[in-house]
Amino acid sequence: VRCWSNIPFLTVPLSRAHGKSFAHRSELKHAKRIVVKLGSAVVTRGDECGLALGRLASIVEQVSMLQNQGREMMIVTSGAVAFGKQRLRHEILLSQSVRQALHSGQSQLKDMAIPVLEARACAAAGQSGLMALYEAMFTQYSICAAQILVTNLDFHDEQKRRNLNGTLHELLRMNIVPIINTNDAVVPPPEPNSDLQGVNVISVKDNDSLAARLAVEMKTDLLIVLSDVEGLFDSPPGSDDAKLIDIFYPGDQQSVTFGTKSRVGMGGMEAKVKAALWALQGGTSVVIANGTHPKISGHVITDIVEGKKVGTFFSEVKPAGPTVEQQAEMARAGGRTLAALQPEQRAEIIYRLADLLTDQRDEILLANKKDLEEAENKGILALPLLKRLSLSTSKLNSLAIGLRQIAASSQDSVGRVLRRTRIAKALHLEQVTVPIGVLLVIFESRPDCLPQVSALAIASGNGLLLKGGKEAAHSNQILHHLTQEALSIHGVKDAVQLVNTREEVEDLCRLDKLIDLIIPRGSSQLVRNIQKAAKGIPVMGHSEGICHVYVDTDASVEKVTRIIRDSKCEYPAACNALETLLIHRDLLRTPLFDQIIDMLRVEQVKIHAGPKFASYLTFSPSEVKSLRTEYGDLECCIEVVDSVQEAIEHIHKYGSSHTDVIITENEQTAEFFLQHVDSACVFWNASTRFSDGYRFGLGAEVGISTSRIHARGPVGIEGLLTTKWLLRGDNHVVSDFSEHGSMKYLHESLPLPQRNAN
C-alpha cells in the first residue's frame with residue numbers, strides 16, 4: 001500500500017528494464033510508466049468550438065484508476081485552441097452586440113460576422129481554462145495534476161531538456177499527473193529537414209511528435225495515442241476494402257495508404273505512425289486507438305493496458321505464423337472448397353482421420369502424457385478437469401468409431417433439398433442445406449473434442465477455427481496435425497485452423513466479420529464469459545448443466561438405484577450428470593428411499609439437502625446454498641416435491657433446460673412429464689447420461705444447446721447447417737404477375753428427390 005495525501009491505494013507489481021518494447025499485447029499489463037496522448041478530435045466537440053466534457057471526464061477516470069494502481073501516468077493533451085476559440089467567440093459576440101446595440105439598433109444584430117480567430121491567440125486564451133478543468137476533474141479522485149508547456153526548442157537545448165526531465169521525474173515521484181502540451185501561443189514552426197533523422201531527433205511540430213519525444217525521453221513503457229479512428233487501416237478508413245491492422249511492424253509502411261488528416265489538429269494518421277515508429281525504436285510500446293467512440297471510449301485506456309485487442313499495437317516482434325484474422329480467412333476459403341467437394345470425398349477425409357487416430361495412437365498418448373504431467377506438476381487443474389484432459393486407448397477407439405458414424409451419415413448432408421415448389425410455369429424454387437460458414441469452437445481440457453468437432457465441420461462443409469486450453473497444448477497440436485493430414489488428401493488443409501497465438505477469448509469473440517458461429521465447450525463460467533463477450537456473433541451452447549431426476553411414487557425399485565447411480569456417478573464432471581434429485585414426498589422413510597441414500601453413500605456422493613427436504617429431517621446433511629448449483633463432482637442436492645406438477649415447476653424454476661428425467665411405471669404420469677418439461681432433452685426411465693451426440697447416433701456432437709433457435713440438445717451435423725433458396729426461371733419478371741399480367745402464381749409442392757438409401 002502506498003500513501004499520498006493520507007489516501008491509501010493498492011499498487012500492482014510493476015517493474016521491467018527499459019530499452020526494449022513489449023512484444024505482445026498481453027505484456028502491456030506490466031507497463032509502469034504510461035503516456036496518454038489525447039488528439040484534438042478526442043478533446044474537442046464536433047463543432048470544434050469547446051471541449052467534449054463527457055469524454056474528458058471518462059479519460060480522467062481511467063487515468064486516475066491506473067494512477068491509483070501504482071502506475072506513473074502522463075497526459076499529452078490538445079484542446080487549448082478549441083477552448084480558447086469558445087471563449088474568444090463569446091467575448092467577440094458580447095462586445096459586438098453591445099456596440100451595435102448602441103450605434104445601429106437591435107435590427108442589425110443578426111448580420112454580425114465573427115472574424116477568423118488566430119490559433120495562437122486562441123491557445124493563449126484557452127490554456128488556463130483547460131488546465132483548470134483537468135484540475136477540477138482529477139481532484140474528484142484525490143489526484144493532483146500539474147501543467148507543463150513546451151516547445152521544440154526546449155528539446156534542442158540540453159539544459160532545458162535536463163530541467164524538463166528532472167521536473168517530470170519529481171512530479172511522478174510525488175504521485176502527480178503531469179499534463180503536457182505544446183505552448184501553442186508562442187510555438188515556432190518546425191525546423192526544416194530535422195524530422196526523424198535519428199533516434200534522438202524528432203521535431204515537436206504537433207502533439208503526436210511531442211508525445212513520442214516525451215515517451216522516449218522519460219523511458220516510458222507504453223504510449224497510448226487516442227484519435228477519432230479505430231486505429232491504423234491498410235487503406236483510408238471508410239473505403240470499401242479498408243481493414244483495421246491489429247499489429248503493425250516496422251517496415252509495413254509500404255502496405256498502407258494514408259488518407260487525409262482528422263477534422264481538427266495538426267497531424268494525420270501518417271504523422272501518428274511516424275511518431276509511433278520513432279517511439280518504438282526508442283524502446284516504448286505504442287497503441288493507436290479510438291478515443292471518441294461512445295461505446296468503447298469509457299474503457300479504451302484500461303482495456304489497452306489489460307492487453308485487450310483494441311486499436312493498432314506497434315510491435316518489433318513479428319510472429320512466425322499467420323494472425324488469427326488470416327487464419328479465419330484461410331478457414332473461410334478452405335471451407336468453401338470443402339463444401340464444393342463431393343459427399344464421398346468429405347467422407348473419405350473423415351474415414352482417414354479415424355484411421356489416423358488408431359494408427360498414431362502411441363504418439364497421441366505420449367503428447368497427452370506431457371500435458372497431464374505438466375498439469376499435475378503445476379497443480380492448475382482440479383481432479384474432474386484432469387479426467388477430461390486424459391486420453392486413453394479406449395477413448396481413441398471410441399473416437400474413431402464415432403468419426404466413422406459421422407462419415408457414414410454425412411453423405412447427403414450438404415446440398416440436400418428440403419422443399420421444392422413450382423412458383424409458376426417454368427419457375428421452380430428449391431430450399432437446400434448449406435454450411436453456416438466459419439465456426440469458432442472454444443474448448444477446455446478436452447483434447448478429444450478436437451477430432452470430433454473437426455469431423456462434424458468437415459461433414460457439414462464448414463470452415464473451423466479451434467481455440468483449445470493451454471493445458472492440452474501438446475495433445476491439441478498432434479490431433480490438429482493429424483486432422484490437416486487427413487484434409488490434405490483432397491487439398492483442403494486450411495479448412496481447419498488451430499489458434500496458437502496469444503489471442504484472448506474475448507478478442508476472438510469480436511471478429512464478427514470473420515466468424516459466423518461460436519460454440520463453447522467447457523465450464524459454465526467459460527460459456528457465460530463467451531456469451532457476454534460475443535459482439536454480434538451467435539453463440540450456440542449452454543451455460544449450465546443442472547440436470548434433474550424425479551423419482552415418482554410409482555417408480556420401480558430395481559430401476560431407481562441403477563438410473564441414479566449411472567446419472568450421477570458414471571462421469572460426475574460431465575454436463576449431463578445428475579445434479580438435483582427430486583423425490584416424491586410419499587417415498588420418504590420407505591425402503592426405496594433408504595436404498596437410494598445407501599447407494600449414494602457407498603458411491604461417496606456428498607448430499608446437500610434442499611430446504612423442503614431439510615425440514616423433514618432432525619439431523620440433515622448440509623443445507624444447499626443454491627438450488628441452481630452445477631457440482632460437476634460426486635455431490636448432489638436432494639429435494640422433496642408433492643407431485644409431478646411440483647417437480648416440473650421446480651425444474652422450470654431452477655433448471656437450465658438441459659436434461660431432465662422421470663423414473664416411474666405410470667405411463668400417464670410419464671407422458672405428462674415428457675410433454676410439459678421444457679428442456680432440450682426429457683427422458684423416461686433412462687439415465688441423464690444418454691444426452692450425448694454419440695449415444696443419439698449422431699456420431700459426435702459439437703456441444704449441447706439449450707437455446708431455442710436453430711438447434712437444441714446434442715448438436716451434430718444437422719445443427720451446423722443452414723439453408724439457402726435456389727430459384728430457376730426463364731425470363732420471369734414480377735410485373736407479369738400483376739393484376740393485369742399474363743402469369744399466375746401456382747405455389748405447387750413438388751416431390752423431393754430420392755435420398756441416398758445408404
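The values are calculated or read from the model by the stated rules, or taken from the named source; none is laboratory data. Model, not experiment: these values are computed from the prediction. Cβ placement follows ideal geometry from the backbone for every residue including glycine, while neighbour counts extend to all protein chains displayed. Protein only, heavy atoms only, side chains kept; ligands, DNA and RNA dropped before computing areas. Shrake-Rupley method; radii C 1.70, N 1.55, O 1.52, S 1.80 Å.
Measuring how big the range 324-533 is from its alpha-carbon positions, Rg and Dmax come out at 18.3, 72 Å. Net length available on complete extension from TRP684 to GLN531 is 51.9 nm, with 0.36 nm assigned per residue and the Cα-Cα distance removed. Taking every alpha-carbon pair under 8 Å whose residues sit at least 6 apart, the range 633-758 reaches a relative contact order of 15 percent. Here the label points at ILE489 and GLU135, each 7 Å from Cα along the C-beta direction, are separated by 7.7 nm in the simple model. Of the solvent-accessible surface of the chain, computed with a 1.4 Å probe over protein heavy atoms with every protein chain present, carbon and sulfur atoms account for 51 percent. Taking the DSSP beta bridges in the range 324-533 as the whole, what percent of them are antiparallel, to the nearest 5? In the range 324-533, approximately 30 percent of DSSP beta bridges are antiparallel ones.
Counting only Cβ charges, +1 for Lys and Arg and -1 for Asp and Glu, the dipole size of the chain around its Cα centre is about 1460 debye. Taking a ≥ b ≥ c as the square roots of the eigenvalues of the Cα gyration tensor, the range 301-408 is classed as oblate, since a/c reaches at least 1.5 and a/b does not exceed b/c. When the surface is traced with a 1.4 Å probe over the full set of protein chains, TYR571 keeps roughly 60 Å² accessible.
Between the alpha-carbon centres of the range 603-668 and the range 454-514 there is a gap of 39 Å.
Checking the cross-link pairs LYS37/LYS160; LYS467/LYS532; LYS32/LYS308; LYS568/LYS625; LYS387/LYS513; LYS32/LYS309 against a 29 Å limit on the alpha carbon distance flags LYS387/LYS513 as lying beyond it.
Cα to Cα, under 25 Å, and not fewer than 8 places away if on the same chain: which lysines meet these conditions relative to LYS744? Partners within reach: LYS425, LYS724.
Taking the longest Cα principal axis of the chain as reference, the axis of helix 158-173 is set at about 40 degrees.
Between ILE380 and ASP359, 0.36 nm times their residue separation minus their Cα-Cα distance comes to what?
Details: separation 21, 0.36 × 21 = 7.56 nm, distance 3.13 nm.
Contour length minus Cα-Cα distance gives 4.4 nm.
With a cut-off of 19 Å on the backbone N, the residues of the range 340-366 near the modelled label site 7 Å out from THR722 along Cα-Cβ are 340. Computed about the Cα centre, the dipole magnitude for the range 547-701 is approximately 400 debye when only Lys and Arg (+1) and Asp and Glu (-1) carry charge, each at its Cβ.
For the range 547-701, relative contact order (Cα pairs under 8 Å, six or more residues apart, normalised by length) works out to 31 percent. By how many degrees, 0 to 90 and rounded to 10, does the Cα axis of helix 473-487 deviate from the longest principal axis of the chain? It is inclined by approximately 80 degrees.
Enter the accessible area per residue of the chain (Å², integer; probe 1.4 Å; all protein chains in place).
On the way: 34790 Å² over 758 residues.
Roughly 46 Å² per residue, with all protein chains present.
For the chain, relative contact order (Cα pairs under 8 Å, six or more residues apart, normalised by length) works out to 11 percent. Taking every DSSP beta bridge that has both ends in the chain, the antiparallel portion is near 30%. Ignoring aspartates and glutamates fewer than eight residues from LYS559 along the same chain, the ones with Cα atoms less than 13 angstrom from its Cα are GLU665. Cross-link partners for LYS653 among the aspartates and glutamates, with Cα-Cα distance under 13 Å and sequence neighbours closer than 8 places in the same chain left out: ASP678. As a calculated quantity, the FRET efficiency between ASP594 and ASP633 at R0 = 22 Å, using C-beta atoms, amounts to about 0.35. Between the beta carbons of LYS29 and ASN165, assuming R0 = 25 Å, the FRET efficiency works out to 0.40 to the nearest 0.05. What does the C-alpha gyration tensor say about the overall shape of the range 122-172? Classify as rounded when a/c is under 1.5, otherwise prolate if a/b is larger than b/c, or oblate. In terms of gyration-tensor shape, oblate.
Applying 1/(1 + (r/R0)^6) with r as the Cβ-Cβ distance of HIS732 and ASP234 and R0 = 30 angstrom yields a FRET efficiency of 0.10. Quick one: grab the alpha carbon gyration tensor of the range 560-654, order the square roots of its eigenvalues as a ≥ b ≥ c, and give me rounded if a/c is under 1.5, else prolate or oblate depending on whether a/b is larger than b/c. Verdict is rounded for the range 560-654.
Taking the longest Cα principal axis of the chain as reference, the axis of helix 343-359 is set at about 80 degrees.
Extension gain, GLU348 to TYR616: 0.36 nm times the residue separation minus the Cα-Cα distance gives 90.4 nm. Of the options (i) 100, 83, 65; (ii) 102, 82, 53; (iii) 101, 66, 55, only one is Cα extents along the principal axes in Å as computed from these coordinates, and that is (i).
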